[in-house]
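Contents: one structure, followed by commentary.
The values are calculated or read from the model by the stated rules, or taken from the named source; none is laboratory data. Since we're looking at a predicted model, the values are computed, not measured. When we count neighbours, we look across all protein chains shown, and the Cβ atoms used for this are built from the backbone with ideal geometry, even at glycine. Calculation scope for accessible area: heavy atoms of the full protein, side chains included, ligands and nucleic acids excluded. Shrake-Rupley method; radii C 1.70, N 1.55, O 1.52, S 1.80 Å.
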Amino acid sequence: MDVKNAFLHGELDREIYMIQLMGFQSQEHPKHVCKLRKALYGLKQAPRAWYGKIVEFLTRSGYFVTSADSSLFVEANEGKLAIVLVYVDDLILTGDNKAELLQTKKNLSVHFQMKELGLLKHFLGLEVDRTQEEIFLCQHKYAKDLLKKFGMLECKLSSTPMEPNAKMCAHEVKNLEDATMYRQLVGSLIYLTLTRPDISYAVGVMSRYMQDPKKPHLEAVRRILRYVKSTIDYGLVYKKGEDCKLVGYCDADYTGDHNTRRSTTGYVFKLGSGTISWCSKRQLTISLSTTEAEYRAAALVAQESTWLIQLMNNLHQPVEYAIPLYCDNQSEIRLAENPVFHARTKHIEVHYHFIREKVLQEEIEMRPIKTDDQVADLFTKSLSTGKFKMFRYQLGIVQLVIAGVEGEC
């Protein structure tokens, strides 16, 4: 559902004045100013005022604001849920309490000017296709428009977003005449990672050179676009009937950044068959060993798992088990499970031992996994074509095939 003129519904909680609008000036008092009673578009307070209005309406209707996400509202009644997700003036309503959802839609239409857009198919560039057995998320149109905008619709195809073992350097000699296009390209690709975790690492690496990009960097970004072209109808699939338990994978590439010698953290969480959370991020400080790099990565994963547990609890899907976290470093697992500080770990900042606390509280269970099976590798380094495609499939990134139609979204 879409709210018409959403910001005009907001009520101000402070005194704000504005000059008289051109064409509406008072003849008797041309120098007077107007005191605003409600918010207007362009006013800095307008978004907050509208949020306060929609929160007031939904809480009065029996919904509560979730602690995990202030834009997510949940109403539970006799084991059934009604969920409302708010993004400015766009609302998604879902859940298994159909009677409550219908009543909410009616109440919304009474209090606000609403436009009902029907079954969810498009939302902020995301496209949703569904069958009886699965839900498919992609950004097919967004990716196609991106390729068209930068003249890459007829480009050659690439099987991976980066060359295997590619080494990017900030001190390249070939300068770009205008860095604007590079920044626009990378910024557009960052948004594409919402449904394409397979390009997260490559886009993350190229975003490090936004300030002073060189020609080799632009060529590397164009390779990502060639890969997007070859997989334009790929997206995330969520299958029905899978065991909906959270599972995490965590990895780190030791000193992978050749400019700063910092390591790269990569992790992914799956719920059932589908990937729901992932990250590829350069660490803030230099690690002195592979164990330290992996341990820092695990600490970041522990923070994300805490938020996911909170979110699941808000959705009345309690996580009553220790989340399996698969790592390919035995020393990291021992360090997380051992409450004794060793001389070799004294230099690690205290906040990184957050993972140890979660293990002792049995919220997370560290499990070993072979490096060849570590799917989080895809978020820490550029891989060979065979391994990249295997991990991509394990993440639930597949080509759209619905009702016999392939490649359409």
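Worth pointing out:
- Under DSSP loop assignment and at most 10 Cβ neighbours within 10 Å, longest chymotrypsin sites (Phe, Trp or Tyr not before Pro)-free interval of the chain: 42-409
- Placing unit charges on the Cβ atoms of the charged side chains and taking the dipole of segment 164-255 about its Cα centre, the candidate lying farthest along the positive direction among 232, 201, 190 is 232.
- The chain: most fluctuating residue of 186, 33, 247 per GNM, C-alpha cutoff 10 Å: 33
- Between 0 and 90°, nearest 10: helix 215-230 axis offset from the chain longest Cα axis: 80
- Checked against a 29 Å cut-off, the cross-linked pairs 245/281; 115/245; 44/144; 148/174 give Cα-Cα distances beyond that limit for 115/245; 44/144.
- Across every direction, the projection of the convex hull enclosing the Cα atoms of segment 88-211 has a mean area of 12.1 nm².
- DSSP bridge pairs, the chain: antiparallel proportion in percent, nearest 5: 90
- Mean projected area in nm² (Cα convex hull; one quarter of hull surface) for segment 60-118: 4.3
- Fraction in percent of alpha-carbon pairs per bin - 10 Å, the chain: 4, 18, 24, 25, 19, 8, 2, 1, 0
- Farthest toward positive dipole pole in segment 63-148 [+1 Lys/Arg, -1 Asp/Glu at C-beta], among 81, 118, 107: 118
- Taking Cα atoms only, the orientation of helix 385-394 departs from the longest principal axis of the chain by about 50 degrees.
- Expressed as a whole percent, the accessible surface of the chain that belongs to carbon and sulfur atoms is 52, based on a 1.4 Å probe.
- Each Lys and Arg adds +1 at its Cβ and each Asp and Glu adds -1 at its Cβ; summed about the Cα centre, segment 44-191 shows a dipole of about 400 debye.
- GNM top mover of 353, 29, 217 - the chain, alpha-carbon springs below 10 Å: 29
- Charge dipole (debye, nearest 20) of the chain; +1 at Cβ of Lys and Arg, -1 at Cβ of Asp and Glu: 1180
- Here the dipole of segment 231-360 is about 200 debye; that uses its Cα centre as origin and unit charges on the Cβ of Lys and Arg (positive) and Asp and Glu (negative).
- Whether segment 1-151 is rounded, prolate or oblate, judged on the alpha carbon gyration tensor where a/c under 1.5 counts as rounded: oblate
- Here the Gaussian network model covers the chain, with springs between Cα atoms less than 10 Å apart; of 302, 376, 76, 76 fluctuates the most.
- Accessible area per residue in Å² at 1.4 Å probe, computed on the chain: 54
- When each of 106/141; 270/389; 156/214; 53/106; 80/358; 121/149 is checked by Cα-Cα distance, pairs over 25 Å: 106/141; 80/358
- Shape category assigned to segment 244-398 from the gyration tensor of Cα positions, a/c cut at 1.5: oblate
- Note on segment 164-293: Cα-only Rg and Dmax are 16.5, 54 Å.
- Note on segment 229-310: percent of Cα-Cα distances in each 5 Å bin, starting at 0 and stopping at the bin with the largest distance, equals 3, 15, 21, 17, 15, 13, 11, 5, 1, 0.
- Value of relative contact order over segment 235-308, rounded to a whole percent, pairs C-alpha under 8 Å and six or more apart: 30
- Charge dipole of the chain about the Cα centre (unit charges at C-beta), most positive-ward option of 146, 213, 348: 213
- Kirkwood Rh and Cα Rg combined as Rg/Rh, segment 33-97: 1.09
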